[in-house]
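S.K.: Below you'll find the structure I mean.
The values are calculated or read from the model by the stated rules, or taken from the named source; none is laboratory data. Because the structure is a prediction, the values reported are computed rather than measured. FYI the Cβ positions are ideal-geometry reconstructions off the backbone, even for glycines, and counts take in every protein chain you see. When the accessible area is computed, the model is the full protein with side chains, heavy atoms only, and any ligands, DNA or RNA have been set aside. Shrake-Rupley method; radii C 1.70, N 1.55, O 1.52, S 1.80 Å.
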Amino acid sequence: MCESPGDAVEASSSAPRRAHGTAVDPIGLEPVDEVVITTLVDNTFDALLAGDTRTSRVSFGVGSMPAPQFESGETTVGLRAEHGFSALVTVRRGSTTTTLLFDTGLSPDAMVINAERLGTELGAIHAVVLSHGHFDHAGGLAGLAGKRGVRSLPMVLHPLVWTKRRLAVPGHEPQVLPTLSKRALEAEGFDVIERRQPSLLLDGCVLITGEVDRTTEYERGMPASHQSWTGSSWEHDPLVLDDQALVVHLRGQGLVVLTGCGHAGAVNIVRHALRLTRTDRLHALVGGLHLSGPAFEPIIAPTVDALTSMNPTLVVPGHCTGWRAQHALAAAMPDTWVAGSCGSAYRLTA
């Protein structure tokens, strides 16, 4: 999705601008006492990563499968990694604990298989949040629907997740991306809730940002190859306006921000969350930051500089962040950056 840089016209079309709709500002986000983010699907699985006081890891012993070439007839297995993202978010305020599913990965079965191997009961989730409509974040909805049957489950998303999109890389045949079907999701029992504006969930303790204001000069969005269907023609879709993040205010610590791909720009997202909540502290940033590929590597340096200046306690870049950005973030914030991996859980307490 990021193979070629754009020209001056494309840069102008993707210049920072305000999000559509009436701003809801400020938002009273209720502080919580604990947040646990468990990565169900990510691009990597590293069974040798060590945990610490706030990070728990899983190893190859997390599951088993038949394997007749071994004397026991079985072998131990780890978790499935794929180009996608999914995270389980458990929020505790006082004695009340609630769990949300944020994105569902690429394939229909990876998220469900990983959840089973982790001993995670998907039937305990209270709602699903989609960060945006790209298929590598919504593919696991089929497996989730099959797991839960047709029992109603609220799903919060932006109305542009239904946008038909394609990749038209020069020199290659255009590739139309899988497009979500509202009718199919509702038929599976999902209660689809469309919101452009910010949404408060769980009695006001979880914020879904809605459309993110684009305020930086360098986070210009997707290159010309990323296009959407207008109903009559394919046009450059730089902004991916359906991109949104999940935000929690950890009592006495600051905001915890979870992104899917971060198409709105990691810095734009954090600034937007801080402004909406009138909070002056970023405590943790977890998820995809979309800094991989020739169209995005030039903005690694200003992104790292901006995030470093915010002085967060934890940064766990995943999915589409890219190895160059991972190295830059690890070098700039050695005590803050933590390697992501499928099955890793990050426990943050007030």
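S.K.: Rounded if a/c is under 1.5, else prolate if a/b is larger than b/c, else oblate: which is region 166-209, with a ≥ b ≥ c the root eigenvalues of its Cα gyration tensor?
M.R.: Note, shape of region 166-209 comes out oblate.
S.K.: At 7 Å along the Cα-to-beta-carbon direction for both GLU116 and GLU217, put a label point, then send me their distance in nm to one decimal.
M.R.: 5.3 nm
S.K.: Divide by every residue of the chain the summed helix terms, -39500 (n - 2.57) for each DSSP H run of at least 4, and state the resulting mean residue ellipticity at 222 nm, rounded to the nearest 500 deg cm²/dmol.
M.R.: That comes out to -5000 deg cm²/dmol.
S.K.: Right, another one. Could you calculate the contour length gain from GLN175 to ARG324, that is, 0.36 nm times the residue separation minus the distance between their Cα atoms, to one decimal place in nm? Walk me through the numbers before you get to the answer.
M.R.: On the way: separation 149, 0.36 × 149 = 53.64 nm, distance 2.65 nm.
Roughly 51.0 nm would be gained on extension.
S.K.: Using a Gaussian network model of the chain whose springs link C-alpha atoms within less than 10 Å, name the residue from PRO294, PRO66, PRO178 with the highest mean-square fluctuation.
M.R.: Among PRO294, PRO66, PRO178, the largest mean-square fluctuation in the Gaussian network model of the chain belongs to PRO66.
S.K.: Further, regarding this structure: At 1.4 Å probe size, what's the solvent-accessible area of LYS164? Round to the nearest 10 Å².
M.R.: Surface open to solvent at LYS164 totals about 90 Å².
S.K.: Name the shape class, rounded, prolate or oblate, that the alpha-carbon gyration tensor gives for the chain, where a ≥ b ≥ c are the square roots of its eigenvalues, rounded holds for a/c under 1.5, and otherwise prolate holds if a/b is larger than b/c and oblate otherwise.
M.R.: Here the chain falls in the rounded category.
S.K.: Provide the FRET efficiency to the nearest 0.05 for the GLU71-ALA339 pair, computing r from the beta carbons and using R0 = 30 Å.
M.R.: With R0 = 30 Å, the Cβ-Cβ based efficiency is 0.30.
S.K.: Please work out the C-alpha center-to-center distance from region 114-128 to region 156-223 and express it in whole Å.
M.R.: 23 Å
S.K.: Could you sort ASP191, ASP335 by accessible area so the largest value comes first, with the probe set to 1.4 Å?
M.R.: ASP335, ASP191
S.K.: Work out the length of the dipole vector of region 141-220 about its Cα centre, built from +1 on the beta-carbon of each Lys and Arg and -1 on the beta-carbon of each Asp and Glu, and round it to the nearest 20 debye.
M.R.: Value, rounded to 20: 300 debye.
S.K.: For GLU71, GLU194, write out the residues from largest to smallest accessible area, computed with a 1.4 angstrom probe and no ligands counted.
M.R.: Numbers: GLU71 200, GLU194 65 Å².
Ranking GLU71, GLU194 by accessible area, largest first, yields GLU71, GLU194.
S.K.: Roughly what would the spin-label model give for ALA124 and ARG183, points 7 Å off Cα along C-beta, in nm?
M.R.: In this crude label model, ALA124 to ARG183 measures out at 3.8 nm.
S.K.: Pull out the extension gain between THR349 and THR44, defined as 0.36 nm times the separation in residues minus the alpha carbon to alpha carbon distance; nm, one decimal.
M.R.: The THR349-THR44 span can extend by a further 107.2 nm.
S.K.: Nearest 20 debye, what's the magnitude of the dipole of region 248-339 about its Cα centre given +1 on Lys and Arg Cβ and -1 on Asp and Glu Cβ?
M.R.: Working: 6 positive and 4 negative charges, 63 e Å.
The dipole magnitude comes to about 300 debye.
S.K.: Quick one: length gained pulling ARG195 to SER59 fully straight, 0.36 nm per residue minus the C-alpha distance?
M.R.: Full extension from ARG195 to SER59 adds 45.1 nm.
S.K.: Here is a follow-up. Using a Gaussian network model on the chain with a 10 Å cutoff between Cα atoms, which of PRO317, PRO298, PRO198 fluctuates the most?
M.R.: Judging by the Gaussian network model, the answer is PRO298.
S.K.: Same structure, new question: Sort 318-324, 27-33, 234-240 by packing, meaning the average of other beta carbons within 10 Å per residue, with the highest value first.
M.R.: Going from most to least packed, we get 318-324, 234-240, 27-33.
S.K.: If you don't mind, there's one more thing I want to ask. Answer with one residue from PRO178, LEU48, LEU160: the one whose Cα lies farthest towards the positive end of the charge dipole of the chain, charges on Cβ with Lys, Arg +1 and Asp, Glu -1.
M.R.: LEU160
S.K.: Also, I was wondering about something else. Among DSSP bridges having both ends in the chain, what percentage is antiparallel? Round to the nearest 5.
M.R.: Values: 43 of 65 bridges.
Rounded to the nearest five, the antiparallel share is 65 percent.
S.K.: Which order do ILE113, ILE208, ILE193 take when ranked by solvent-accessible area (1.4 Å probe, heavy atoms of all protein chains), largest first?
M.R.: Solvent-accessible surface, decreasing: ILE193, ILE113, ILE208.
S.K.: Enter the accessible area of MET310 (Å², nearest 10), with the probe set to 1.4 Å and all protein chains included.
M.R.: The value for MET310 is about 40 Å².
S.K.: Between ALA301 and LYS164, what is the spin-label point distance in nm, taking each point 7 Å from the Cα along the Cα→C-beta axis?
M.R.: Each label point is offset 7 Å from its Cα along the Cβ direction, giving 4.2 nm.
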